[in-house]
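K.L.:
There's a structure below that I have some questions on.
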Amino acid sequence: MDEKDVYILAIESSCDETAAAVVKNGREVLSNIISSQIDIHTLYGGVVPEIASRKHVENINPVVREALKEAQMTLNDVDAIAVTYGPGLVGALLVGVAHAKAMAFAADKPLVGVHHIEGHISANYIANPSLEPPFICLVVSGGHTHLVVVNDYGEYEVIGKTRDDAAGEAFDKVARAIELGYPGGPKIDKLAKEGNPDAIKFPKAVVNNAPLDFSFSGIKSAVLNYINGCKMKGEEYSRADIAASFQKSVVDVLTEHAITACKERGIKKLAIAGGVSANSAIRASLEQASKKNNIEFFCPPIVLCTDNAAMIGSAAYYEYIKGVRHGYDLNAIPNLKLGEK
Ligand code: KG4
Ligand code: ZN
């Protein structure tokens, strides 16, 4: 172990994944353990916050142990403990925050609280060793749809966002409308491959006079109206065509706005982050549009797109080297804004 190397043990528990990772110098993942609760929440058609908290309590010790074991380290070997403290489900966040505080206290290690979305953005640093700010990042998750200028490490400027539903929320709601169940995003992604993306014209998720903002609640209503219309007329409808057409309308708008943001700011680097960036059509569309516009495109592997702790360890590293430390009064902040410390 080099004296100057920084090893961070990171914890993530903001939603339905209990995760822990050890990350070296912000970019090298030594372990990345994720315990998903998807099976249990599937029974209820979505994440049940109370169940999520209880599952985190059960899973957090074994997950953290496994992360240290796989990295061949003990708690004493790490330089700091990092944890997501918002945004997310309050009960779920509290499990990770309390655990991180207890470990930091017991081992006398510094504590670094991390913003969940900052983590998603930082997944790009792990996947692309050469990526450095400034760049534009399209953040698309279950709770967020943001266009962000990453001016420097840990310095974010939100230049576009959704006015209502997040992109992931739209995927999940439309999946429910066509009875695909939870989690909706991956299921729509799969079914859309069998459908015609030009079969149905759904409205574009745009906002008048705000070229970088989004509005996804209209598409979900349009899908429901389309299904009701078919049912009333006694017509058959193709769920694959609905999935493909809905996905195309979302992907087109996300792509257009991301490219507009790069052009407006004169930035030639575009990254994506968040669970929806696992979507195969979004990845393909952004890659193609970036190439056409001479923009370098960065996209993390799927395992780093959805919730994980390696991304938290990466974000924490850049805070740690700036000297950011949190006290034992660190609390969960369910609606923490990006850029707020
Ligand atoms: O980032 P994430 O794992 O959790 C949050 O921080 O919200 O994102 C979860 C969201 C869900 O809405 C899920 O349906 C969506 O990401 N998602 C996808 C795909 N995989 C996950 N959406 C579209 N296509 C996918 N392949
Ligand atoms: Zn997330």
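Coordinate-derived values only; no laboratory data. Small disclaimer: the values here were computed from a predicted structure and weren't measured. Note: ideal-geometry Cβ built from the backbone for every residue, glycine included; neighbour counts use all protein chains shown.
K.L.:
What tally of residues in the stretch 294-311 results from selecting those that are part of a helix (DSSP H, G or I) and within 24 Å of ALA170 (Cα to Cα)? Show your work before the answer.
P.N.:
Initially, the stretch 294-311 is screened for residues part of a helix (DSSP H, G or I), giving 302-305, 310-311.
Those still in the list that are within 24 Å of ALA170 (Cα to Cα) too: 302-305.
The number of residues fulfilling the criteria is 4.
K.L.:
Still on this structure: Can you name the residue in the stretch 277-333 that is free of Cβ contacts under 8 Å to residues at least 60 places away in the same chain and touching a Cys at 6+ places or on another chain (Cβ under 9 Å) and, of all such residues, is nearest to ALA98 (Cα to Cα)?
P.N.:
Selected residue: ARG283.
K.L.:
Further, regarding this structure: Looking at this structure, is PHE246 buried (at least 19 other Cβ atoms within 10 Å of the Cβ), touching a residue at least 60 places away in the same chain (Cβ under 8 Å) and more than 16 Å from ligand 1 (Cβ to nearest atom)? It would help to see each step written out before you state the result.
P.N.:
Numbers: buried (at least 19 other Cβ atoms within 10 Å of the Cβ): yes; touching a residue at least 60 places away in the same chain (Cβ under 8 Å): yes; more than 16 Å from ligand 1 (Cβ to nearest atom): no.
Here the answer is no, as PHE246 does not meet what is asked.
K.L.:
Looking for something crowded, with 17+ Cβ neighbours inside 10 Å and within 14 Å of ligand 2 (Cβ to nearest atom) - is there at least one such residue anywhere in the stretch 107-114?
P.N.:
yes
Here is a yes/no grid of residues against (1) outside any strand (DSSP E or B); (2) touching a residue at least 12 places away in the same chain (Cβ under 8 Å); (3) within 16 Å of ligand 1 (Cβ to nearest atom); (4) within 18 Å of ALA316 (Cα to Cα):
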position: VAL23; (1), (2), (3), (4): no, yes, no, yes
position: ASN32; (1), (2), (3), (4): no, yes, yes, yes
position: VAL47; (1), (2), (3), (4): yes, yes, yes, no
position: ILE51; (1), (2), (3), (4): yes, yes, no, no
position: VAL57; (1), (2), (3), (4): yes, yes, no, no
position: VAL63; (1), (2), (3), (4): yes, yes, no, no
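K.L.:
Among the residues of the stretch 257-267, which ones are out of contact with any helix residue (DSSP H, G or I) (no Cβ under 7 Å at 6 or more places or on another chain) and either polar (S, T, N, Q) or in contact (Cβ under 8 Å) with a residue 24 or more places away in the chain (or both)?
P.N.:
Step one: list which residues in the stretch 257-267 are out of contact with any helix residue (DSSP H, G or I) (no Cβ under 7 Å at 6 or more places or on another chain), which gives 257, 260-267.
If the condition is that a residue be out of contact with any helix residue (DSSP H, G or I) (no Cβ under 7 Å at 6 or more places or on another chain) and either polar (S, T, N, Q) or in contact (Cβ under 8 Å) with a residue 24 or more places away in the chain (or both), then HIS257, THR260, ALA261, CYS262, LYS263, GLU264, ARG265, ILE267 are the ones that fit.
K.L.:
So HIS146 clears everything in (1) within 16 Å of ligand 2 (Cβ to nearest atom); (2) over 17 Å from the mean Cα position of the chain (by Cα) except one condition, right? Which one?
P.N.:
(2)
K.L.:
Is it fair to say LEU94 is in contact with a Lys or Arg (Cβ under 7 Å, 6 or more places away or on another chain) and surrounded by fewer than 24 Cβ atoms within 10 Å (Cβ to Cβ)?
P.N.:
Numbers: in contact with a Lys or Arg (Cβ under 7 Å, 6 or more places away or on another chain): no; surrounded by fewer than 24 Cβ atoms within 10 Å (Cβ to Cβ): yes.
Taking the combined requirement at face value, the residue does not satisfy it.
K.L.:
Could you check the stretch 237-293 and list, in sequence order, the residues that are in a helix (DSSP H, G or I) and within 16 Å of ligand 2 (Cβ to nearest atom)? Break it down into steps so the answer makes sense when it comes.
P.N.:
Applying the first criterion (in a helix (DSSP H, G or I)) to the stretch 237-293 yields 239-265, 275-278, 280-292.
The answer is GLY275, VAL276, SER277, ALA278, ILE282.
K.L.:
Moving on. State the number of residues belonging to the stretch 1-22 that are more than 16 Å from ligand 2 (Cβ to nearest atom) and under 23 Å from ILE333 (Cβ atoms).
P.N.:
Residues of the stretch 1-22 more than 16 Å from ligand 2 (Cβ to nearest atom): 1-9, 22.
Of the ones still in play, those that are also under 23 Å from ILE333 (Cβ atoms) are 8-9.
Residues that pass the stated criteria total 2.
K.L.:
Within the stretch 204-236, how many residues turn out to be assigned to a loop (DSSP other than H, G, I, E, B) and surrounded by fewer than 13 Cβ atoms within 10 Å (Cβ to Cβ)? Spell out the reasoning first.
P.N.:
Filtering the stretch 204-236 for residues assigned to a loop (DSSP other than H, G, I, E, B) gives 204-206, 208-209, 211-213, 215-216, 233-236.
Next, from what is left, pick out any that are surrounded by fewer than 13 Cβ atoms within 10 Å (Cβ to Cβ): 208-209, 233-236.
So the answer is 6.
K.L.:
Out of curiosity, is GLU169 within 16 Å of ligand 2 (Cβ to nearest atom) and either assigned to a helix (DSSP H, G or I) or in contact with a helix residue (DSSP H, G or I) (Cβ under 6 Å, 6 or more places away or on another chain) (or both)? Don't jump to the end; show me each part of the working.
P.N.:
Values: within 16 Å of ligand 2 (Cβ to nearest atom): yes; either assigned to a helix (DSSP H, G or I) or in contact with a helix residue (DSSP H, G or I) (Cβ under 6 Å, 6 or more places away or on another chain) (or both): yes.
For GLU169, the condition - within 16 Å of ligand 2 (Cβ to nearest atom) and either assigned to a helix (DSSP H, G or I) or in contact with a helix residue (DSSP H, G or I) (Cβ under 6 Å, 6 or more places away or on another chain) (or both) - is met.
K.L.:
Same structure, new question: Give me a count of the residues in the stretch 287-336 that are hydroxyl-bearing (Ser, Thr, Tyr), surrounded by 14 or more Cβ atoms within 10 Å (Cβ to Cβ) and touching a Phe, Trp or Tyr at 6+ places or on another chain (Cβ under 8 Å). Break it down into steps so the answer makes sense when it comes.
P.N.:
Taking the stretch 287-336 first, the residues hydroxyl-bearing (Ser, Thr, Tyr) are 290, 306, 314, 317-318, 320, 328.
This time we only want the ones that are surrounded by 14 or more Cβ atoms within 10 Å (Cβ to Cβ), so: 290, 306, 314, 317-318, 320.
Now narrow it down to the ones that are touching a Phe, Trp or Tyr at 6+ places or on another chain (Cβ under 8 Å): 290, 314, 318.
Selection size over the stretch 287-336: 3.
K.L.:
Still on this structure, I have one more. Is it the case that some residue within the stretch 152-164 is out of contact with any strand residue (DSSP E or B) (no Cβ under 7 Å at 6 or more places or on another chain) and in a helix (DSSP H, G or I)?
P.N.:
Taking the stretch 152-164 as the starting set, the residues that turn out to be out of contact with any strand residue (DSSP E or B) (no Cβ under 7 Å at 6 or more places or on another chain) are 152-155, 164.
Those still in the list that are in a helix (DSSP H, G or I) too: none.
No, the conditions are met nowhere in the stretch 152-164.
K.L.:
Still on this structure, please answer the following. Counting only residues that are without any contact (Cβ under 8 Å) to a residue 60 or more places away in the chain and part of a helix (DSSP H, G or I), how many does the stretch 68-110 have?
P.N.:
Total meeting the criteria: 9.
K.L.:
Right, another one. In a helix (DSSP H, G or I) and within 16 Å of ligand 2 (Cβ to nearest atom): does that describe GLY185?
P.N.:
Details: in a helix (DSSP H, G or I): yes; within 16 Å of ligand 2 (Cβ to nearest atom): yes.
Answer is yes for this residue.
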